[in-house]
1. Within region 240-268, track down each residue that is in contact with a helix residue (DSSP H, G or I) (Cβ under 6 Å, 6 or more places away or on another chain) and either in a loop (DSSP other than H, G, I, E, B) or of a type outside the set (Val, Ile, Thr) (or both).
2. I'd like the residue in region 188-218 that is part of a helix (DSSP H, G or I), aliphatic (A, V, I, L, M) and in contact with a Phe, Trp or Tyr (Cβ under 9 Å, 6 or more places away or on another chain) and, out of all such residues, is farthest from Pro332 (Cα to Cα).
3. Condition (residue is under 18 Å from the mean Cα position of the chain (by Cα), surrounded by fewer than 20 Cβ atoms within 10 Å (Cβ to Cβ) and free of Cβ contacts under 8 Å to residues at least 60 places away in the same chain) applied to region 88-106: is it met by at least one residue?
4. Answer yes if at least one residue in region 179-200 is touching a Gly at 6+ places or on another chain (Cβ under 9 Å), basic (Lys, Arg) and buried (at least 20 other Cβ atoms within 10 Å of the Cβ), and no otherwise.
5. Just checking, which of Ser351, Ser344 is within 14 Å of the chain's Cα centre (by Cα), surrounded by 17 or more Cβ atoms within 10 Å (Cβ to Cβ) and small (Gly, Ala, Ser)?
6. Between a residue in region 154-165 that is touching a residue at least 12 places away in the same chain (Cβ under 8 Å) and farther than 14 Å from Ile406 by Cα and any residue that is of a type in the set (Val, Ile, Thr) and assigned to a loop (DSSP other than H, G, I, E, B), which pairs come within a Cβ distance under 7 Å, given they are 6 or more apart or on different chains?
7. Conditions: (1) within 30 Å of Asp137 (Cβ to Cβ); (2) out of contact with any Lys or Arg (no Cβ under 8 Å at 6 or more places or on another chain). Tyr342 meets all but one. Number of the miss?
8. Which condition number does Ala120 fail, the rest of (1) modelled with pLDDT under 95; (2) on the phi > 0 side of the Ramachandran plot; (3) of a type outside the set (Asp, Glu) being met?
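The values are calculated or read from the model by the stated rules, or taken from the named source; none is laboratory data. Bear in mind the structure is a predicted one, so any value in this text is a computation, not a measurement. Quick reminder, even Gly has a Cβ in these numbers, built from the backbone with ideal geometry, and neighbours come from all protein chains shown.
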Amino acid sequence: MKKILSLLFIASILLSACGASDATSTSEPSASAETTQAATKTPKPESTASPATNLGVMREALNGLEIAVWHPWYGVESSLFDTFVNEFNEKNEWGIKVSAESQVNFANLYENTTASLPTADKPDMVIALPEHALEWDANGVTTDLMPYAQDPLYGIDSSDIPNVFWNQDYFGGKRIAIPAQRTARFLLWNETWAGELGFSASPDAPDDFKQQACRAQKAMLKDETPQNDFMGGWYADTDPMTAYAWLLAFEGGVLEGSDYRFLTPNNIEAFKFLRELSETTCAWQAANVDPLNAFANREAMFITASLHDLPEVARAFAGAKNTDAWKVISFPGANEDALVVYGSSYVILKSTNEKQLAAWLFARWLLDNKQDARWVEATHLFPIRSSTVDLLGDYEKTHPQWAQAIKLLPQGEIQPQLASWREVKVMLGDGFTHMYRVNVASGQVPAILAQMESISRSLGK
């Protein structure tokens, strides 16, 4: 039976220490009987001296130091990041000066950063995907952030960062980066419509998902509009993270040890299940159909969406004058539900000790609760710090589905920690899309997975 997380347990996950073990301990020793008896004596004055740094950089060496930061954002995110840069430049106590440059998207950032590495014009810090950081680390150009994270003076309390965020960038005994933004892909479920069709809860297993999707499709046959007879179930989404989450829901995946493995019984079962949904019209796709609008118009019981899509879904419901209750759920598995967490990270490239520390201090400042909360309000993504939720009470009230997503974080899993995942995940999405575009029969799924395995292993070399 699937484990059911209680509300109290979920709350404790979010608000208690859930970080990685490589953080410096800040717990104080408990008082012994001897020290308790001596409490009546005149206490010695407590030392107010700041802890010393182990990083070997004098504070005055940071004053006036300039660092270059490249990021992938444009629009709202880029504008907010520029605001953060200006605030840090004006207020930071060390006199560090940051200059920021947008590379427009992750692909451009990766290509431009990689090209700049042999030159003197390379940035000091980039906000990149973890798989990009792994490739750069293999080439020896990233800074191991473990000493910075654990430093007595300049370290960070990682116990306030959920493991699924913090662990993604820890590999080979090194901390290659620290999390910048994190999101996930979810299923959205129309609770009101499901209730009218006789379902009192969201699907708890693949068979439950199939039953609800198929019953919703059959409900579309009862109106006088034949054009929508194929609608009603799951609007099949072929995003790579959707495909990966479904594989995990069936206790499959893409790795065996440190190599790719797609052709497994569980993966075959997962993809056959999804193809059979389409073959029985319980899942559907259509050209020029917006899945968000389809969901708001009761043309799909389920769709798939990312965190940043949730406000747009709410607007679609408002535009359709639909008051149905809808929820964010993870991908239902027979034993454990699946949720893949992904996003960008702060990567500090090797330079001088002074510039590396300056970049670390800027990244650490960006992870402060106040900046973290402002990121959430602008991007609608996960807060990186668990304690940031305390600053988002009003946001939580006005974004109930975001609050539901936060409670699913204990189910989250990281992506494969391989540099080749940069290309393999694209191949996974392309193969998944091909299955739907040419209506691959469910019986041909093993051949598709065998081809995926062959391609992924060649990409991983």
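1. If the condition is that a residue be in contact with a helix residue (DSSP H, G or I) (Cβ under 6 Å, 6 or more places away or on another chain) and either in a loop (DSSP other than H, G, I, E, B) or of a type outside the set (Val, Ile, Thr) (or both), then Pro240, Ala243, Trp246, Leu247, Phe250, Glu251, Gly252, Gly253, Tyr260, Phe262, Leu263, Asn267 are the ones that fit.
2. Ala216
3. So far as region 88-106 goes, yes, one or more of its residues are under 18 Å from the mean Cα position of the chain (by Cα), surrounded by fewer than 20 Cβ atoms within 10 Å (Cβ to Cβ) and free of Cβ contacts under 8 Å to residues at least 60 places away in the same chain.
4. yes
5. Checking each option against the conditions leaves just Ser344.
6. Tyr154/Thr53; Gly155/Thr24; Asp157/Thr26
7. (2)
8. Looking at each condition in turn, Ala120 falls short on (2).
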